[in-house]
Each structure stands twice: as C-alpha cells, then as structure tokens.
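*Asks:* The structure follows.
The values are calculated or read from the model by the stated rules, or taken from the named source; none is laboratory data. Quantities reported herein were computed from a predicted structural model and do not represent experimental measurements. All Cβ positions, even for glycine, are placed from backbone atoms using ideal geometry, and neighbour counts span all protein chains on display.
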Amino acid sequence: MRFALLFWLLASGSTLAAEPFARAAIEGSGEIVPGQQVRLTVDVFVPDFFTSPPQFPLFDIPNAMVSLPEERSSNLTQTIDGVQYSGIRRSYAIVPETSGPYAVPDVPIELGYSVDGKPTKTTVTIPGVSFTVGGNSLPSQPVFAAHGLTIEQSFDRDPSKLKAGDALSRTITITAMETQAMMMPPVELGSVSGLQQYAKPPKIEDGIEMNRETASRHTETIVYTAAAAGTFDIPAVSYPWFDVDSKSEKTATLPDVKVTVATAAAKEAIAPQLSQENDRPSGHVSIWLLAVIAVALAAIAFVLRWLMPRIAARRVKIQALKHNSGSYRRHQMLRTIKTGNETAVYAALQAWASESGYRTIADWLAKEGTPALRQQIDLLERKLFAGQGGAKINRVAIVKAITQHSPAVDQKRQPALPPLNPGAIKERLRA
C-alpha cells in the first residue's frame, strides 16, 4: 500500500510539473557575413495538445532586420519524463547589417493548451540565443549573401529580326536559396542608345521547391522599343553576390545582346484614279490633304508611344489597389475556406482576424464568433495541432457564419481622427 501511494505521488508530481516551454537555436554553423540570412528555429511544446496555436511575434534586434517567412509550420511530438508533449516549429529570418555580436531578446509567445481537458491560455518565452557576425577573412560591409544563385534571361522574340515600331520583351530571372526574394537587389540594366526601355515592377516569389530545397526568385521584365532601323547593343549584366558555401564574393553575368531593327515595310496603297475633268488646283488640294493626314497620324503615333508606358504603370497601380482592398481580401479568404486545404483555411482565418483588428483567432471568436463557428474552428485546431482525425470541417457552415456575422474589413476600419479638412465630411456624405 505504501509503495502504491508513493508511486501515485510521483506520477502526480510529474503530471503537475508538466508545463509548456520553448527552445531556440541558430541553424547551421560557421562564419556569418553582414547581409547573410540567419535562421532562428523556435520549437514550442505543451503537454497533451494545443487548443490554440502559438502566436509568434516579430521582435527587434539592433542593426538587424527580423522577419517571419511565410512558411508552413512543422508539428512535433516528444516524450519527456514520461509526459507526451506536442510541439510546433517556426523559423525566423535575421539579416545582420554590421559585424559584431548579436543577441535574441526574450520574446513572449502566447498559446493555448489542454489542462485536464480544459483549454488554458499561457505564455512561454524564447530562451536567449546569441551569435557573432564577421571575421578576419570576411567582408565588413553588408553584402547580398545566398546559396546556389543562378541568373537567366529570355526574350519573347528574336532580337535580330525586329522592325521599326516593334516591342522586344526581356525577362531576367534570379533564383537563390538561403535568402528571401525581398532581399535580392535589383539588376543594374544600364541604358541602350537608340532604344527606349520600360521596366515593369519586379515579381518576387518565396517558397519555390527546387531539388528538395526551398528557393526564392526575383524576376524583372524590360520592354525595349525602336523608332528607327539600326543595330543596337543591350549591355551585359553583372550581378555581384556572396556565396555562403565557399565564403567568397562572386559575380553572376549575362552576355550582351545585339538587336537588329529593319525598316518597317510600307503598306501598298491603291493609287487614286483622277478623272479628266479634275483640274490642277484640285490635285494640289489632294496632295495637301494627304500631307495633313500623314502629319496627324504621325502625331497620334507619337502620343500613343508616349502614353503606353504610363498607361501600363497606371494599370499596375490600379491592380495593386484592388488586391489591397478589404473586399478583395474578404473574397480571397472565403474562396480559400471553400477550396483550400485545412492548413490554408486556418491561415486565412488567422489573417482575417488580424485584418479585423484582433490579436488572435480566439479573441475574434470571443467577440464575433457564433457557436457554430467556434465548433468548426475548434475541430480544425484539433486536427491541425493535436493530430486528431475524425469528421471533416463544415466549410459551408464556416462561410455562412462569417458572411452573416462579420462585416467587411473596409466597413470596420474607420479613421480614428476627424479629417483635417472640415469639408471632407460633407464630401463623404455626398458620396
């Protein structure tokens, strides 16, 4: 009986001592240069299972840029002193700007977990982690550092077979690993004498799967036009970068390209048939009329050539405004709930809660959620963070609850201060 009581006390003490915790580590080893991306991996563990996922906040480090890449978190399990723990792993990206020592501050992470079957909220802290940047053989100034960088270019047509007035589109693609697309510097294109060039806004992509690794990509598109015939040289491209594998500075290059533009073929026209009754003055009038028409067409062509880049830039700006609108984000969120996988659905709901002004999904549900919506999200969290199977989530019920009880973000967010111009209120009422 005494041994049984002692065993029960030891088991109870082990259970009571089971608390959530976090651990952190710097990935990789070796020397780090200023401008090189450093990955800080954070693991958060709770006994039993999560009832709400950890909220990984951004934090500040002097002389460094910290971001949380949009990567899928990893689920972990571990047994410690006979207690089964569930874990979630996320990675921060830290880009130091100068040489010297760096220290990660204490970062609180809020989460929810199950205690005797009841959801409980708590906060764990990332333990202190430090690293050193720079070395005697390394650059002291910031560089663009990456792994496995490649640069390529392509054209939408043969540069040697153009005619006056044609447009030539050139696409330059830079792909690299162990970096983020937003950290890739733009390409120094230079200018081409005799050709007009227009650069479209660059396209950046992260999370590209390449040979079992994740890469980032920076794409630039340049359009060249020639008003007259001739031979033109597009200069070679040099793209400097620092190879984190060989710890050396390298330069990726693209060769120069010759562009040959021929005279545009004149269109065949039907010669006017003048009757014998037409006298000489009427012939002079026709010649002057044709000259005026030719000048007008040339002026129209010049205006269109001047307007085309501006129209294209305006179209890109309008498209960006549309994608940044609350109604568009609401539509995309509902579409993800209907067709996306369960991880994407949860990420969309978490982003929607943040857009609606709430810190977590739990806060959003407490304020605006219906019982049906809470039930579905609880089921979703158990499937994602506790590894529990069972029934599928009711996507229709989630969409219906959100559309009936949650107004659009644009309707929620009103200016905190009155307009500086008193007449703005009247203008808003008229609108």
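*Asks:* Could we say that G190 is assigned by TED's automatic domain parsing to the domain that holds S154 and not in a strand (DSSP E or B) here?
*Replies:* Yes: the conditions hold for G190.
*Asks:* Is it fair to say S325 is at pLDDT below 80 and under 30 Å from N394 (Cβ atoms)?
*Replies:* So S325 fits the description; yes.
This table checks each residue for (1) surrounded by fewer than 17 Cβ atoms within 10 Å (Cβ to Cβ); (2) among the β-branched types (V, I, T).
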position	(1), (2)
Y224	no, no
A228	yes, no
P235	yes, no
S238	yes, no
W241	no, no
T251	yes, yes
T260	yes, yes
A264	yes, no
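*Asks:* Please verify whether L149 is in contact (Cβ under 8 Å) with a residue 60 or more places away in the chain, buried (at least 18 other Cβ atoms within 10 Å of the Cβ) and under 14 Å from H218 (Cβ atoms), treating the condition exactly as stated.
*Replies:* Yes, satisfied.
*Asks:* Now a separate question. With respect to F302, determine if the residue is exposed (fewer than 14 other Cβ atoms within 10 Å of the Cβ), of a type in the set (F, W, Y) and either touching a strand residue (DSSP E or B) at 6+ places or on another chain (Cβ under 8 Å) or at pLDDT 85 or above (or both).
*Replies:* yes
*Asks:* If you scan segment 83-106, which residues turn out to be buried (at least 20 other Cβ atoms within 10 Å of the Cβ) and either polar (S, T, N, Q) or assigned by TED's automatic domain parsing to the domain that holds Q180 (or both)?
*Replies:* Selection gives S86 alone.
*Asks:* Let me ask something else about it. So which residues in segment 35-51 are touching a Leu at 6+ places or on another chain (Cβ under 8 Å) and buried (at least 21 other Cβ atoms within 10 Å of the Cβ), if there are any at all?
*Replies:* V44, F45, V46, F50
*Asks:* Restricting to segment 164-188, name every residue that is charged (D, E, K, R) and either loosely packed, with under 13 Cβ neighbours inside 10 Å or under 24 Å from the mean Cα position of the chain (by Cα) (or both).
*Replies:* Those that are charged (D, E, K, R) and either loosely packed, with under 13 Cβ neighbours inside 10 Å or under 24 Å from the mean Cα position of the chain (by Cα) (or both): R170, E178, E188.
*Asks:* Could you please give the count of residues in segment 110-139 that are closer than 26 Å to S216 by Cα and surrounded by 13 or more Cβ atoms within 10 Å (Cβ to Cβ)?
*Replies:* The qualifying residues number 5.
*Asks:* Moving on. Please go through segment 56-85 and give me each residue that is in contact with a helix residue (DSSP H, G or I) (Cβ under 9 Å, 6 or more places away or on another chain) and over 30 Å from F144 (Cα atoms), ordered by number.
*Replies:* Of everything in segment 56-85, those that are in contact with a helix residue (DSSP H, G or I) (Cβ under 9 Å, 6 or more places away or on another chain) and over 30 Å from F144 (Cα atoms) turn out to be N75, D81, G82, V83.
*Asks:* Right, another one. Just need a number here: residues in segment 114-138 that are in contact with a Ser or Thr (Cβ under 6 Å, 6 or more places away or on another chain) and of a type outside the set (A, V, I, L, M, F, W, C).
*Replies:* Qualifying residue count, segment 114-138: 3.
*Asks:* Would you confirm whether or not segment 326-347 contains a residue that is over 18 Å from E110 (Cα atoms), among the small types (G, A, S), surrounded by 14 or more Cβ atoms within 10 Å (Cβ to Cβ) and within 17 Å of the chain's Cα centre (by Cα)?
*Replies:* Within segment 326-347, none of the residues are over 18 Å from E110 (Cα atoms), among the small types (G, A, S), surrounded by 14 or more Cβ atoms within 10 Å (Cβ to Cβ) and within 17 Å of the chain's Cα centre (by Cα).
*Asks:* Okay, next question. Considering segment 197-221 alone, what residues qualify as being farther than 22 Å from W241 by Cα, in contact (Cβ under 8 Å) with a residue 40 or more places away in the chain and either touching a Phe, Trp or Tyr at 6+ places or on another chain (Cβ under 8 Å) or in a strand (DSSP E or B) (or both)?
*Replies:* Result: Y198, single match.
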